[in-house]
Number of protein chains: 2
Amino acid sequence: MNVIGKMGKRNTQKAKKNMKENVDDSASNKEFKILIRRIVQKTKIAEGELAIYDILRCIYRNQPISTKKIGQYTKLPLPIVSKVRTMLEGDKVLKRDDRGAIYTKEGLTFVEKNLGLSLKNDLKCPLCKGKTIVFDEKFEKIYKRHKEIAKQRPAVNTLIDQSFATPETATYRATIMADRGDLEGKRVLFVGDDDLTSIPVAMSGLCKEVVVADIDERLLDMIKYFSKQNKLHIKTVKQDFRNSLPKNLTDKFDVVFTDPPYTLEGVKLFMNRGIEALGSEGVLYLAVSHKPIDEHIQLQKNILSMNFLIAEMLPGFNFYEGTEIIGNTTFLARLVGKNLVKLEEKSDKIYTGQVKPVLRYYKCQKCGKIYEVGGKIKRIEDLSCDCKGNKFYMIKRSKLRD
Amino acid sequence: MNVIGKMGKRNTQKAKKNMKENVDDSASNKEFKILIRRIVQKTKIAEGELAIYDILRCIYRNQPISTKKIGQYTKLPLPIVSKVRTMLEGDKVLKRDDRGAIYTKEGLTFVEKNLGLSLKNDLKCPLCKGKTIVFDEKFEKIYKRHKEIAKQRPAVNTLIDQSFATPETATYRATIMADRGDLEGKRVLFVGDDDLTSIPVAMSGLCKEVVVADIDERLLDMIKYFSKQNKLHIKTVKQDFRNSLPKNLTDKFDVVFTDPPYTLEGVKLFMNRGIEALGSEGVLYLAVSHKPIDEHIQLQKNILSMNFLIAEMLPGFNFYEGTEIIGNTTFLARLVGKNLVKLEEKSDKIYTGQVKPVLRYYKCQKCGKIYEVGGKIKRIEDLSCDCKGNKFYMIKRSKLRD
């Protein structure tokens with residue numbers, strides 16, 4: 001054994017201003033550790049100290065930054081981010097600016113000293129926004145057309161975990177599928193498509209066939225309408241995914257796309273339907289929301305048990321409108337399957353509302369009045385404000401992590 | 001049930017030149033299917049027909065293209081690509097151009113008709129080359145310095161599965177680690193580092209500590225030399241990873257980087273050492289080579305059993321010098337662990353040469369003479385040509401897929 005230097009001790013490079021001397025043993029470091037531990041205890045944050053570091057680093061690189069954007073960046077729920085921010089303000093690490101959270105002078109020194117922060121910006125590709133692909137001229141046109149179409153979507157139905165991916169996201173999905181060779185000459189099935197991803201996919205003109213199966217007739221009617229209007233030849237099928245696919249959809253597709261409900265059972269159910277459509281092999285694109293790590297590992301174990309390889313896992317690929325609470329982005333996974341097998345379906349309570357009832361709080365965009373949704377008022381669609389406003393922001397959601 | 005249109009049948013959009021009428025039933029399509037099946041049988045390619053489609057699509061988008069580049073793009077072994085190409089030439093689908101494979105006029109119509117190909121180029125981000133990150137000014141400088149340093153590396157030792165990632169790849173690794181917050185104020189251990197990734201990582205000046213453990217003393221001496229020369233304060237430790245890490249390296253690190261041997265047992269062993277270094281939680285970066293799908297799924301199952309989440313899986317991230325045979329790129333996985341557990345080590349035959357003895361064929365760059373390595377001549381380092389040339393290209397490797 002040949003050990004050079006002391007292991008597990010900070011090296012002291014006097015020249016580097018972000019690596020000051022004797023930091024480990026300073027009073028500042030003790031204070032820092034106590035502060036972080038106190039925040040973790042108060043907020044009961046599942047990811048522990050690492051999540052607080054993520055928030056501190058996010059603000060360091062992006063200040064001033066709003067609570068909402070911190071949530072998007074760190075993939076942490078807004079109520080948690082908000083609590084952490086308030087505590088850090090109480091301790092004078094942060095202050096409030098018109099434009100969001102910002103470090104105090106002392107706070108800045110404090111985190112540079114104790115967390116070693118020094119990078120003032122991200123290093124993500126500005127052209128593809130970390131997605132690995134870009135629109136060419138053709139997909140740029142598709143994006144513009146799809147943006148106009150998407151404006152006509154009906155109100156989101158939160159009871160079945162619908163939330164709309166942005167038109168940009170839908171077009172990026174079509175782009176990556178095209179790049180990976182999963183559109184040209186392929187039969188593509190959408191197992192649910194409230195994101196309208198089928199529209200830019202069909203607009204590419206690359207596929208042999210595009211079929212959308214969904215439980216929501218309003219959505220299917222709309223897709224039929226857009227398809228006819230734009231000569232896209234998308235086929236639609238009404239399907240409750242708690243039931244197996246009919247024979248004429250079984251073992252007929254090369255590629256499946258699904259952005260399933262948030263629960264483990266929901267994902268399993270939608271993927272089982274995808275496997276029925278693919279037969280023994282094929283490619284499945286899966287949008288995966290951020291979850292507590294144990295649950296996320298279980299989800300990936302399920303994927304592998306089905307004999308899918310996780311060929312790509314791209315964080316922050318999918319952006320959604322109006323779901324700030326779950327950090328507003330999800331992963332896109334490209335799964336390649338061989339000798340596919342379905343998993344046992346243990347429960348038909350696949351939607352978030354059935355598994356863990358949650359209360360959501362919506363604020364009227366016009367007058368600012370706040371309403372509770374999920375109890376007496378069941379769905380956001382049923383809500384209309386006393387001031388006759390009918391646009392709402394979700395501002396809080398309780399029991400998210402229980 | 002409400003089915004619109006016929007499922008599983010190609011729709012006929014006369015307007016689109018890439019989707020000609022009556023293709024499914026044409027003589028051309030039968031001929032195409034027979035051709036593909038014959039190629040799969042002759043080449044015994046593990047990935048089946050999909051691999052042949054990948055080769056056809058790759059050439060369609062990139063023609064004229066060399067066999068080597070087709071291998072890089074499709075991640076298929078060169079001897080297989082070469083066989084497929086020869087067969088496609090025999091059937092007059094392809095012809096040979098000075099610059100590589102190119103479609104005949106008939107071949108082009110043939111694949112457009114039967115595979116639905118029409119995209120003439122990839123849609124990967126040209127700025128980050130599909131990596132999701134880009135160099136800023138600082139990392140651009142680091143890349144330039146590192147390129148100079150890397151020129152002084154010793155000859156590759158293929159007996160222990162060494163192969164050098166390019167200096168660009170090493171710097172991209174440092175960049176993504178910096179972006180993800182895995183360098184600032186962190187203790188980073190390299191479980192093996194023949195790629196010299198520790199150099200750009202240390203150059204970033206962001207880490208609390210950078211330690212390299214490796215079995216190869218020549219490599220450690222070189223890293224020590226570069227570290228001293230450039231004031232990088234990298235610590236080095238000689239370590240055979242078949243043995244557990246010593247106490248002073250255990251439970252001391254926040255982040256581990258490893259580009260382990262190609263075998264499942266090798267990956268497991270190196271990751272076990274990584275877990276020892278991290279303790280119960282932390283981040284592990286893993287370079288993963290392309291493998292047959294069953295083996296690859298097993299590898300991912302092992303990762304999850306250790307309680308690592310596959311937080312990112314980026315294909316084509318790592319480029320290597322002189323390993324055309326394995327397609328020349330590997331995945332980069334970012335794994336986030338909580339309550340980490342090591343897996344049982346079943347064998348100490350971790351290196352490719354021990355598990356499945358292979359013969360490699362090297363061609364002298366100067367006179368073109370071909371030598372067999374792996375039998376009488378054990379290692380490429382031991383090879384010198386009759387013409388006194390000492391630079392060789394690997395041109396063939398047998399038993400790769402057995």
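Pairs of Cα atoms under 8 Å, at least six residues apart: use those to get the relative contact order of region B:57-108, whole percent.
Reported relative contact order: 41 percent.
What is the local net charge at A:LYS342, summed over the other residues whose Cβ is closer than 13 Å to its Cβ (Lys, Arg +1; Asp, Glu -1)?
For residues surrounding A:LYS342, the net value is -1.
Between copies, how close do the A:ASN243 label points come, placed 7 Å along Cα→Cβ, listed in nm from shortest?
For A:ASN243, the other copies' label points sit at 6.6 nm, shortest first.
Starting at the first residue of region A:293-303, write each ³J(HN,Hα) from the Karplus equation 6.51 cos²θ - 1.76 cosθ + 1.60 with θ = phi - 60°, in whole Hz, x for Gly and Pro.
Per-residue couplings from phi come out as 4, 4, 5, 5, 4, 4, 4, 5, 4, 4, 4 Hz.
From the square roots a ≥ b ≥ c of the eigenvalues of the alpha-carbon gyration tensor of region A:217-265, which class results: rounded (a/c under 1.5), prolate (a/b over b/c), or oblate?
prolate
Contact order normalised by length for region A:137-337, with contacts defined as Cα pairs under 8 Å and 6 or more residues apart; what percent is it?
Reported as a whole number, the value is 19 percent.
In a shell of Cβ-Cβ distance under 11 Å around B:SER227, excluding B:SER227 itself, what net charge do Lys and Arg (+1) and Asp and Glu (-1) give?
Summing Lys/Arg as +1 and Asp/Glu as -1 gives +3.
Evaluate E = 1/(1 + (r/R0)^6) for A:CYS387 and A:SER305, where r is the Cβ-Cβ distance and R0 equals 60 Å; express this FRET efficiency to the nearest 0.05.
Efficiency computed from Cβ-Cβ geometry: 0.70.
Is the shape of region B:137-337 best called rounded, prolate or oblate, per the rule: a/c under 1.5 gives rounded, else a/b larger than b/c gives prolate, else oblate, with a ≥ b ≥ c the square roots of the Cα gyration tensor eigenvalues?
In terms of gyration-tensor shape, rounded.
Give me the percent of the accessible area of region A:27-115 that comes from carbon and sulfur atoms, probe 1.4 Å, all protein chains in place.
51 percent
Which distances in nm, rounded to one decimal and ordered from shortest, link the label point of A:SER280 to the equivalent label points in the other identical copies, with labels set 7 Å from Cα toward Cβ?
Ordered by increasing distance: 4.6 nm.
Which aspartates and glutamates does A:LYS376 reach when only Cα atoms under 17 Å apart count, and residues fewer than 8 places away in its own chain are ignored?
A:ASP386
In debye, nearest 20: dipole of region A:137-337 around its Cα centre with unit charges on the Cβ of K, R (+) and D, E (-)?
Charge dipole of region A:137-337: 640 debye, to the nearest 20.
What distance in nm separates the two pseudo spin-label positions at B:GLN229 and A:LYS231, each 7 Å out from Cα along the beta-carbon direction?
According to this spin-label approximation, the distance is 6.5 nm.
Applying the Karplus parametrisation 6.51 cos²θ - 1.76 cosθ + 1.60 with θ = phi - 60° to the phi angles of region A:28-43, what ³J(HN,Hα) value in whole Hz is obtained for each residue in order, glycine and proline being reported as x?
4, 5, 4, 4, 4, 5, 4, 4, 4, 4, 5, 5, 4, 5, 5, 8
Relative contact order for region B:221-340: what percent, with Cα pairs under 8 Å and sequence separation of 6 or more?
Answer for region B:221-340 is 24 percent.
Placing a label point 7 Å from Cα toward Cβ, how far apart in nm is A:LYS95 from its equivalents in the other copies, listed shortest first to one decimal?
For A:LYS95, the other copies' label points sit at 7.4 nm, shortest first.
Modelling each spin label as a point 7 Å along the Cα-to-Cβ direction, I'd like the A:GLN298/A:LEU50 distance in nm, to one decimal.
Computed distance between label sites A:GLN298 and A:LEU50 equals 1.9 nm.
Listed highest first by mean packing, meaning other Cβ atoms within 10 Å per residue, what order do B:75-88, A:113-126, A:267-280 come in?
Ranked by mean Cβ neighbours within 10 Å, highest first: A:267-280, B:75-88, A:113-126.
Given a cut-off of 23 Å, name the pairs among A:LYS138/B:LYS124; A:LYS42/A:LYS366; A:LYS342/B:LYS113; A:LYS95/A:LYS120; B:LYS124/B:LYS186 whose C-alpha atoms lie farther apart than that in the structure shown.
A:LYS42/A:LYS366; A:LYS342/B:LYS113; B:LYS124/B:LYS186, as the Cα separations exceed 23 Å there.
In sequence order, what are the phi-derived ³J(HN,Hα) couplings for region B:203-209 according to the Karplus relation 6.51 cos²θ - 1.76 cosθ + 1.60 with θ = phi - 60°, rounded to whole Hz, with x for glycine and proline?
4, 4, x, 9, 8, 6, 6
Could you tell me which chymotrypsin sites (Phe, Trp or Tyr not before Pro) in region B:29-64 are loop residues by DSSP with no more than 16 other beta carbons within 10 angstrom of their beta carbon?
Listed in order of number, the matching sites amount to none.
Taking H as built 1.01 Å from N, whose amide H comes closer than 5 Å to the amide H of A:PHE257, not counting residues under 5 places away?
A:LEU189, A:PHE190, A:VAL191, A:TYR285
Just counting partner chain Cβ atoms within 10 Å, what average do the residues of peptide B:130-142 show around their Cβ?
4
Take the cross-link list B:LYS68/B:LYS105; B:LYS141/B:LYS235; B:LYS83/B:LYS291; B:LYS224/B:LYS301; A:LYS44/B:LYS338 and give me the ones stretching past 26 Å between alpha-carbons.
Over 26 Å Cα-Cα: B:LYS224/B:LYS301.
A:PHE392's amide H: which non-local residues (gap 5+, or another chain) put their own amide H closer than 5 Å, with H modeled 1.01 Å from N in plane and none for Pro or chain starts?
A:GLN365
What FRET efficiency comes out for A:SER66 versus B:LYS376 if R0 is 56 angstrom and r is the Cβ-Cβ distance? Round to the nearest 0.05.
0.25
Give the B-A buried accessible area in Å², both sides summed, 1.4 Å probe, nearest 100.
So the buried area, both faces added, is about 7400 Å².
The values are calculated or read from the model by the stated rules, or taken from the named source; none is laboratory data. None of the values given here were measured: they were computed from a predicted structure. Neighbour counts run over all protein chains shown; Cβ positions are idealised from the backbone, glycine included. The accessibility values were calculated without ligands, DNA or RNA, using every heavy atom of the protein model including side chains. Shrake-Rupley method; radii C 1.70, N 1.55, O 1.52, S 1.80 Å.
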